[in-house]
1. If you average the sequence gap of Cα pairs under 8 Å that are 6 or more apart and divide by the length of region A:10-153, what percent do you get for the contact order?
2. Give me A:Lys17, B:Lys122 ranked fewest to most by other Cβ atoms within 10 Å of their Cβ, as a rough exposure proxy.
3. So what is the relative contact order for region B:169-326, in percent, with contacts set as C-alpha pairs under 8 Å and at least six apart?
4. Using a 10 Å cut-off on Cβ to Cβ distances, tally the other chain neighbours for every residue of B:6-12 and report the average as a whole number.
5. Per 5 Å bin, what is the whole-percent P(r) computed from every C-alpha pair distance within region B:115-175?
6. When the Karplus curve 6.51 cos²θ - 1.76 cosθ + 1.60 is applied with θ = phi - 60°, which whole-Hz ³J(HN,Hα) does each residue of region B:185-195 get, with x for Gly and Pro?
7. About the Cα centre of region A:136-214, what is the dipole size in debye to 20, counting +1 per Lys and Arg Cβ and -1 per Asp and Glu Cβ, all else neutral?
8. Give, rounded to the nearest 20 debye, the magnitude of the charge dipole that the protein assembly as shown has about its Cα centre when Lys and Arg contribute +1 at Cβ and Asp and Glu contribute -1 at Cβ.
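Bear in mind these aren't lab numbers, they're just calculated from the coordinates by the rules spelled out. If you're wondering where the values come from, they're calculated on a predicted model, not measured in any experiment. Positions of Cβ are generated from backbone atoms using ideal geometry, with glycine treated the same way; all protein chains shown enter the neighbour counts.
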Number of protein chains: 2
Amino acid sequence: MAKNRELVTLGHGSGGKLTHDLIGEVIVPALYGAEGAPPMEDSALITAPSTALSFTTDSYVVSPWVFPGGNIGDLAFNGTVNDLAMSGADPIAISMGLILEEGFAMDDLRLVMTAMGEAARKAGIPVVCGDTKVVPHGKADAIFINTSGVGVRRGGVEIRASGARQGDVIIINGTIGDHGIAVMSAREGLRFQAPVQSDTAALHTLVRALLDGGVEVHSMRDPTRGGLATTICEIAADSKVAILLDEREIPLNEAVAGACELLGLDPMTVANEGKMILVLPEREAEKAISIMRGHPLGQRSSIIGRVTDGRVGRVTCLSVVGGDRVINMPHGEILPRIC
Amino acid sequence: MAKNRELVTLGHGSGGKLTHDLIGEVIVPALYGAEGAPPMEDSALITAPSTALSFTTDSYVVSPWVFPGGNIGDLAFNGTVNDLAMSGADPIAISMGLILEEGFAMDDLRLVMTAMGEAARKAGIPVVCGDTKVVPHGKADAIFINTSGVGVRRGGVEIRASGARQGDVIIINGTIGDHGIAVMSAREGLRFQAPVQSDTAALHTLVRALLDGGVEVHSMRDPTRGGLATTICEIAADSKVAILLDEREIPLNEAVAGACELLGLDPMTVANEGKMILVLPEREAEKAISIMRGHPLGQRSSIIGRVTDGRVGRVTCLSVVGGDRVINMPHGEILPRIC
């Protein structure tokens with residue numbers, strides 16, 4: 001991928017001079033760009049606007065590490081921002097832990113760090129601390145990234161997986177399955193007429209718009225690994241309700257639909273990285289949809305189902321061709337290493 | 001290592017039912033033990049006693065993952081606690097990101113999680129959130145763990161790598177090189193007459209005793225990767241001072257000294273995981289040493305050097321046999337994958 005064949009060596013993970021050089025000459029310039037760097041300390045000092053915090057962590061092992069629409073750098077940044085946002089918190093600081101395989105190209109590391117830095121600037125949330133480890137060739141797969149994040153909770157907002165109530169409606173902010181299919185196409189070398197791009201994006205400004213707009217939200221989740229099916233099943237189980245989805249209302253790109261048919265996948269089980277599920281009272285739906293469609297990440301927002309009085313934990317889907325089918329939480333791995 | 005050959009599979013990292021089972025049946029019981037678990041949420045809600053925070057991250061890739069005196073679980077927990085403590089912060093919450101290689105034994109995962117849980121209970125600091133990824137066999141090396149941590153800074157305490165001043169003394173809380181030699185002995189199958197144990201320990205209570213005791217500290221660091229030499233060189237460079245160490249005063253276990261001689265290593269460059277370097281005014285030294293020697297982790301505390309008026313960044317060491325030698329920051333990897 002990289003032309004310059006300067007490579008990461010074991011010494012770059014030693015904690016000694018080579019590590020200092022790697023951080024100073026590659027990571028920091030790529031991550032912080034022209035606007036210069038806040039020093040990457042072992043331990044960063046941050047000042048929170050409140051003492052009510054959210055704290056989250058996620059490791060990213062996506063394969064391949066670059067795919068249409070992004071790479072592991074922006075993916076790792078956005079994913080942790082979204083975990084914080086889904087708890088109703090405003091993200092204030094992100095950490096980055098790199099595990100590099102010996103022989104990873106320095107220029108590829110620059111690409112990843114640049115993508116993360118751009119995602120951070122776009123989101124307005126800083127990467128404040130980091131760590132770099134290098135393992136011998138064959139002991140990791142190119143690059144793994146852990147991001148952890150701290151956010152500040154809003155007063156008076158209570159959003160939980162268990163918050164869905166009978167009569168609530170289910171809203172999604174756009175098409176499903178894009179991220180998973182983008183990664184699969186890069187991994188398998190598949191070509192579609194219309195290339196599928198990952199939807200990786202930071203959703204905190206969309207959440208902020210909804211909460212600032214006074215929308216009452218009962219539950220909010222991002223359907224990543226395991227896709228929409230897993231998230232909806234979790235909400236139904238945790239909230240002890242039944243949920244009825246309407247397949248005709250679930251936004252789906254034609255290319256993703258085609259790829260899923262080709263690969264024998266149900267798009268409802270394919271990962272998303274820039275999507276959120278909202279569960280809220282029906283009376284709030286119109287306002288929510290209006291706010292969401294006015295945001296760049298919500299233009300295809302749609303009501304895709306409702307909470308009903310069926311058997312607790314049961315998720316059913318009205319299909320496009322009529323009739324309905326039961327949606328189960330996928331048991332094991334459908335698309336491995338999608339994030 | 002494990003007798004029960006139940007193994008981690010790719011499905012355990014899917015985010016679906018197997019992941020839920022792994023978390024519920026293996027990770028949470030081992031981590032939280034009999035006292036029961038606070039739910040491991042994607043995003044944990046924590047309430048800080050103040051808005052002035054420290055935030056840190058570290059990934060652990062130690063090989064082998066178990067060694068005399070500990071395993072990757074307590075090592076990862078203690079290491080991040082120490083990063084927070086060294087900034088003068090009281091740790092309040094730790095996150096855990098697991099990357100598992102397909103085929104890792106479930107009983108080994110239980111061992112690691114149990115060690116982490118015991119370290120957390122001993123430290124009185126909770127693991128509040130986690131994430132689990134699984135990669136195919138051959139794409140990682142058994143187990144990697146990222147821990148990130150949030151701490152609360154103390155008012156009025158200013159401790160920086162750049163804080164050392166002329167006339168200050170350098171104190172260490174005990175013997176050097178134990179962790180590195182313990183890991184090397186496990187890796188290479190070396191046997192010493194007196195087995196060397198890792199010194200992995202959480203240092204926050206020792207730091208707390210010093211700060212509660214009113215000791216004025218200019219700089220505080222834990223000499224991990226790269227050992228005492230790297231940390232002292234960093235302090236000298238960042239503080240723009242010279243440092244003179246006295247080798248006769250640096251505590252060293254006989255077995256570690258012997259192993260270093262055998263392996264051709266300088267114990268000053270070998271990693272520690274339960275040691276701290278304090279730089280403070282000479283007038284504070286007696287009080288500091290007295291407090292430290294009264295703490296279980298500081299019984300062999302010793303003044304090992306002082307800040308002098310030599311060339312900026314220069315570190316010299318008076319040797320046991322007389323004469324002195326210059327100490328340089330190790331360039332690259334001395335002992336790979338030591339943490």
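1. Working: 267 pairs, mean separation 57.3, N = 144.
About 40 percent, as a whole number.
2. Details: A:Lys17 17, B:Lys122 14.
Going from least to most buried by this count: B:Lys122, A:Lys17.
3. Numbers: 322 pairs, mean separation 68.1, N = 158.
Once divided by the residue count of region B:169-326, the mean separation gives 43 percent.
4. Values: counts 0, 0, 0, 2, 4, 6, 2.
Across B:6-12, the average partner-chain Cβ count within 10 Å equals 2.
5. Per 5 Å bin, starting at 0, the Cα pair percentages come out as 3, 9, 13, 13, 15, 16, 12, 9, 6, 3, 1, 0.
6. Rounded to whole hertz, the list is 5, 5, 5, 9, x, 6, 10, 10, 4, 9, x.
7. Details: 8 positive and 7 negative charges, 41 e Å.
In total the dipole reaches around 200 debye.
8. The dipole magnitude comes to about 340 debye.
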